[in-house]
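Here's the structure we're looking at; comments come further down.
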Ligand code: ADP
């Protein structure tokens with residue numbers, strides 16, 4: 001019996017499920033947006049995931065449908081469920097990763113710690129929120145944001161006028177999300193895997209470093225984290241996974257505030273950049289774990305295999321030529337570095353690969369990971 005997993009979306013997250021799928025003898029199929037994508041190394045169909053008939057036809061070839069991203073519309077997901085397809089995570093969970101306003105409302109119901117927030121439907125309402133929060137705040141588009149796009153610091157409601165205007169044009173209408181500007185000492189991420197049968201496993205809490213709204217580095221486990229912080233973050237991650245009935249990998253992005261509280265920033269229900277280190281630094285990588293979870297197989301050990309892992313993203317890539325042209329010098333200089341490329345054309349700011357180094361000394365590991373990654377950008 002061959003287990004077959006269908007991944008909607010042809011990006012690097014789907015690509016990185018291929019290696020563990022091969023190891024476990026799982027047949028991985030991908031529904032890619034276009035030919036020649038990151039995940040096209042797997043058996044790939046090309047089609048538009050906005051169309052239920054396209055996704056239904058793809059689903060007939062597999063045992064379970066999962067995702068490389070959170071953008072599959074709810075009506076398409078509903079059609080799959082109605083047709084009896086196993087969809088993990090299910091639409092009832094995914095909506096909280098698709099819409100930041102829905103996420104805030106649900107997390108509030110679950111009593112999770114989060115920034116002060118409000119749904120605001122015009123500049124006046126945003127001004128009222130800002131006035132109540134020291135005159136500054138964050139405004140976010142609830143849907144479709146990623147890597148800091150759709151997130152803005154504002155001092156006045158009119159600074160979001162373009163987004164309010166876009167909402168007015170959108171048939172779905174709706175509001176923007178206003179949040180207090182959190183004073184954080186650092187950003188953290190807690191990953192949890194959960195199976196349909198309810199088994200959960202938490203990964204070590206990690207520190208994520210953002211530059212320009214994009215994840216630049218991940219330090220695993222989070223340095224200087226107290227036992228209490230680690231415990232609270234894991235409990236919070238598991239409570240969210242259970243509370244939202246997530247199946248697969250869940251990433252909870254967190255702020256550690258300057259007064260040492262942790263607040264939930266946002267959720268991702270798929271493998272996540274904060275967990276790439278697990279490929280080379282944990283007993284079970286997040287990609288293998290996601291496959292196990294969506295197939296309802298027993299989850300693997302999440303313990304680190306080395307005291308420290310540092311993952312550095314390759315952003316943009318070389319100004320000229322392919323990433324692969326830099327392999328030899330990087331490999332000579334940093335033989336302990338594990339280099340991962342996504343088969344994507346270099347473009348400024350684009351995530352085109354990452355490097356992980358694992359070892360005993362955090363400073364040394366971080367130095368080596370940064371040195372190796374530096375070979376791939378100009
Ligand atoms: P995206 O969906 O684009 O990843 P996020 O909601 O994660 O957007 O926000 C991107 C970044 O903006 C965060 O990693 C954080 O650095 C900053 N940010 C987001 N919300 C807040 C907030 N309420 N207070 C302070 N900084 C924030």
*Can you give the helix-only mean residue ellipticity at 222 nm for the chain, where every DSSP H stretch with n ≥ 4 adds -39500 (n - 2.57) and the sum goes over all residues, rounded to the nearest 500 deg cm²/dmol?*
-9000 deg cm²/dmol
*Of all the Cα-Cα pairs you can form in the range 219-290, what percent are over 17 Å apart?*
48 percent
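Between residue 41 and residue 1, what length comes free when the chain is fully extended (0.36 nm per residue of separation minus the Cα-Cα distance, one decimal in nm)?
12.1 nm
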*Can you tell me the relative contact order of the range 21-178? Whole percent, Cα pairs under 8 Å, sequence separation 6 or more.*
16 percent
*Calculated FRET efficiency, residue 301 and residue 378, Cβ-Cβ r, R0 35 Å, to nearest 0.05?*
0.30
*Assuming a viscosity of 0.890 mPa s and a temperature of 25 °C, what translational diffusion coefficient in µm² per second does Stokes-Einstein assign to the range 293-378, Rh being the Kirkwood radius over Cα pairs?*
177 µm²/s
*What shape does the range 303-353 take by its C-alpha gyration tensor, where a ≥ b ≥ c are the square roots of the eigenvalues and a/c under 1.5 counts as rounded, a/b above b/c as prolate, and the rest as oblate?*
oblate
*Just subtract the alpha-carbon distance of residue 259 and residue 170 from 0.36 nm times their residue separation and send over the number in nm, one decimal.*
28.1 nm
*residue 283 to residue 155: FRET efficiency via 1/(1 + (r/R0)^6), r the Cβ-Cβ distance, R0 56 Å, to the nearest 0.05?*
0.75
_Sequence-separation-based contact order of the chain, relative, with Cα cut under 8 Å and 6+ spacing, percent_ = 13 percent
*asked:* For residue 350, project a label point 7 Å along Cα to C-beta. Then give me every residue of the range 364-378 with its amide nitrogen under 20 Å of that point.
replied: 373-378
_Using the Kirkwood radius over C-alpha pairs as Rh, can you work out the diffusion coefficient of the chain via Stokes-Einstein at 10 °C, viscosity 1.306 mPa s, in µm² per second?_
74 µm²/s
_Can you give me the C-alpha center-to-center distance between the range 1-68 and the range 273-324, rounded to a whole angstrom?_
19 Å
*Using only the Cα atoms of the range 80-201, build the gyration tensor, take square roots of its eigenvalues as a ≥ b ≥ c, and label the shape rounded, prolate or oblate: rounded if a/c is under 1.5, else prolate if a/b is larger than b/c, else oblate.*
oblate
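Coordinate-derived values only; no laboratory data. Quick caveat: nothing in here was measured; it's all calculated off a predicted structure. In this analysis, Cβ positions are derived from the backbone assuming ideal geometry, glycine residues included, and neighbour counts consider all displayed protein chains.
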